[in-house]
1. Can you bin region A:265-351 into rounded, prolate or oblate? Criterion: square roots of the alpha carbon gyration tensor eigenvalues sorted a ≥ b ≥ c, rounded for a/c under 1.5, prolate for a/b above b/c, oblate for the rest.
2. Quick one: if you stick a label point 7 Å off each Cα along the C-beta vector at A:Asp478 and A:Asp167, how many nm between them?
3. Taking the Kirkwood radius as the inverse of the mean 1/r across Cα pairs, report the Rg/Rh of region A:262-415.
4. Give a residue-ordered list of calculated ³J(HN,Hα) values for region A:413-429 (Karplus: 6.51 cos²θ - 1.76 cosθ + 1.60, θ = phi - 60°; whole Hz; x for Gly, Pro).
5. For chain A, give the share of DSSP beta bridges that are antiparallel, in percent and rounded to the nearest 5; count only bridges with both residues there.
6. Given a 1.4 Å probe and the protein chains all in place, what does the accessible area of A:Thr87 round to, in Å² to the nearest 10?
7. Could you tell me which of rounded, prolate or oblate describes region A:17-108, using a ≥ b ≥ c as the square roots of the eigenvalues of the alpha-carbon gyration tensor, with rounded for a/c under 1.5 and, failing that, prolate when a/b is larger than b/c and oblate otherwise?
8. Any number yet on Rg/Rh for region A:85-162, C-alpha, Kirkwood?
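The values are calculated or read from the model by the stated rules, or taken from the named source; none is laboratory data. What you see is a predicted model; the values in this text were computed from it and never measured. All Cβ positions, even for glycine, are placed from backbone atoms using ideal geometry, and neighbour counts span all protein chains on display. SASA here: full protein model, heavy atoms, side chains in, ligands and nucleic acids out. Shrake-Rupley method; radii C 1.70, N 1.55, O 1.52, S 1.80 Å.
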Amino acid sequence: MAEEARSLNFIEHIIEEDLSKDYSREQLRFRFPPEPNGYLHIGHASSICLNFGLGLRYNAPVNLRFDDTNPAKEEKEYVEAIKKDVTWLGFEWDTECYASDYFQQLYDWAVKLIKEGKAYVDSQSSEEIASQKGTPTDPGKDSPYRNRSVEENLKLFEGMKNGEYPDGAHVLRAKIDMASSNMLMRDPVMYRILHKAHHRTNTDWCIYPMYDWTHGESDYIEQVSHSLCTLEFLPHRELYDWFLDQVVSSDKLRPKQREFARRNLSHTVVSKRKLLQLVEKGIVTGWDDPRMPTISGLRRRGFTPESIRNFADTIGIAKRENVVDVSLLDFHVREHLNKIAPRVMGVLNPLKLVITNYEEGKEEWLEAENNPEDPSAGSREIPFSRELYIEQEDFREEANRKFFRLKLGGEVRLKNGYIIKAESCTKDDEGNIMEVQCTYDPKSKSGSGTEESLRKVKGTLHWVSIPHAITAEVRLYDRLFSDPTPDGHRDKDFLDFVNPDSLEKVTGYLEPSLKDSKIGDQVQFQRMGYFNVDKDSTTEKLVFNRTVTLRDTWAKLEQKS
RNA sequence: UGGCCUAUGGUGUAAUUGGUAACACAGCUGAUUUUGGUUCAGUCGUUCAAGGUUCGAGUCCUUGUAGGCCAACCA
C-alpha cells in the first residue's frame, strides 16, 4: 500500500520504460556484487537496499555475487561477514554466485577474442603500457606487440594460463582504440598473471581476469537485467557494452549497466582504506566498533535493520552528489526504537537524594509500564527506598522557571513514584553538591488515584534506588568526526578531524530488572536515550552502548543561552 | 587542452514526462504528556545564471558558471 504511494526513482523509471518496451517482468533480475576484501558499510547498505528493494518490488530474483577476481586482496572471512550483514539487513538472495565460478568460461571467451583478432598478448611492463596510454587530452600509442599473430597470441596466452611465465611478464589486452577519448577503451588489460592462491579456486589459475572483463560477462552469464553500480563506473559502460558485444547471443537477455550516485553520510568516512587506518591506528577498537559506519558497527551500536532500510528508502537514489546528514539516520533509529524498546531507568551521573521523611530501611515496589507506545508490553515492578540516585543535571540550587527539574524549595515527580520537594543540600569543600535532602508526599504515589497523586507538577525525573541499584559500564558515543565532510578537505587529512570525545565510559546505576539482560537487548533509559547490551558484557559485568540519545529540546534551549 | 556526468529549501528526494514546485529530516510556534521523549497542529523556506521556444518551462534548446568522474597488471 505504502509502496504504491511512493514515487519512482530514476532507476525504477528506467525499468518501467524497459518493461513497456522489450522486457518482460520475468526477465528482471538484479545483483549485489561486493568484492570480498573488507567489511560492508552504510554505503553498501544503500546499494543492498536498492537492489534487493527492486527485487521485492518487481518480485524478481537478486543474486549475491562475490566479485572475487583479485586473490591478492580477498579472503573467505569477508565472504562470511558479507553474507551475515546482508542477511541481518533482512534480505534473501536468490543465488550465491562467485565471479571465480566463471573463470573457465571467461578464459574460453578470451580465446575466442584472440582468434577474432580482438585481443592480444602484450609483453611490456606495466610502466611501459601506462606510458603509452596517453592522457585524457592526448591519444595513446599502439603497443609494439599489438599486431602479433593470432597463433602467437594463442600460444602465449595458453602459456600464461599454464604458469610458464612469472607475474608481470605478459598481459592479455583487448584490441580496441588507443585514441579513444575514453581512457578505458585504450586497449584495456583483460588478464594479468598472478601466482597467488585464490580463496576458492586455490592454485587452479595463475591468470586472473580484470574487473571490466569479468563484470559484464558475469551479469550476462547470470542473465542480470539491470546491473546497477555507482557513478564512477559510468566511463566503464562503453567498455562493458563492448565486451558484451563480443559474446552476446540474440536469444539471451543483454544486461544493462546503469549508474547512481553513492550516498555520502556526514561526519563519517567509508573508504576501506580510511576505515582500515582507523582500525590500525587504534582510533577505534575494530571493524565492528560501535562508532564505525560498517554494518557490523551499526549493528553492535544498536541500530536495527528496519531503521537502516527506512533510512535508505528515505534518502532515495539519484545521480547528483550528496552528503546526507547523519541526523536522518538518528531519526530512523529513534523512530523504530521508540516503538519496540522497553523503558527502564538508569542514572549515569549520580547525585544522592535522601527523602528525610521516608522511613529508614523501608522498601516499596512500584509498578512501571514497560512501554507507553505499546500497552501489550505490560509492566514491571521497581524498588523504591529512602536513598536514591538522580542525575546531577536534574538538580540546581537555584534556577529560573524554564528549569523543569529539581531546585531548592521546588517540587518534582519521581517517575512512577512520589512527588518530592527539595529542602536542602550539602556540599563538599569545593562547593560541589554531594547530597540533596528532600521530603515526599506519601499520598502522591503514582497510580494511587488520590487527589494528591493527580496533582500536576512540572518536572518528572528518573531515579534509581541506591540499595537496589545494579551497576554497569555504559559507553556513550558521539560522532567519530567533528567535521561534516572529514575527507572533503584538500589541505587536511581526515584524521585531523577525529573527535577526541567520541567515546565516554561511565558507570551507570540501573534498576535491578536489568540484571538478566542479554547481549543485544535494547532498552530506553528514560530521558537518556536508547541503549543496547554490548557483546563485551559478562555475567559479572554488564556493558551498555548508547545507540542514540533522545531528542533533547532542553539541551538546545540550554545551548542557546 | 579532450570526453562524460550533475545542478530543485539548511539536508536528502519528488513533480501525472511541458500544466498549481511536493514529501521526509532539520529549524521555529503552540497543544498534549508522570520521559523537556512520543503524539498532534501550525510555521519557515527552493528550481545555478542569462537568453530562447511556448498560451504555459524545474522539465525542451543555446551559451555560460560551478562541482564531479576518467591516464591501477584494483574493484
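1. Details: a/c = 2.21, a/b = 1.15, b/c = 1.92.
Cα axes put region A:265-351 in the oblate bin.
2. Going by the 7 Å Cα→Cβ label model, 4.5 nm.
3. When Rh is taken as the Kirkwood radius, the ratio is 1.10.
4. 9, 8, 3, 6, x, 10, 8, 10, 10, 7, 9, 7, 8, 10, 10, 8, 4
5. Values: 54 of 81 bridges.
Taking every DSSP beta bridge with both residues in chain A, the antiparallel ones total about 65 percent.
6. 80
7. On the way: a/c = 2.51, a/b = 1.33, b/c = 1.88.
Note, shape of region A:17-108 comes out oblate.
8. On the way: Rg = 18.6 Å, Rh = 15.7 Å.
Here the Rg-to-Rh quotient is 1.19.
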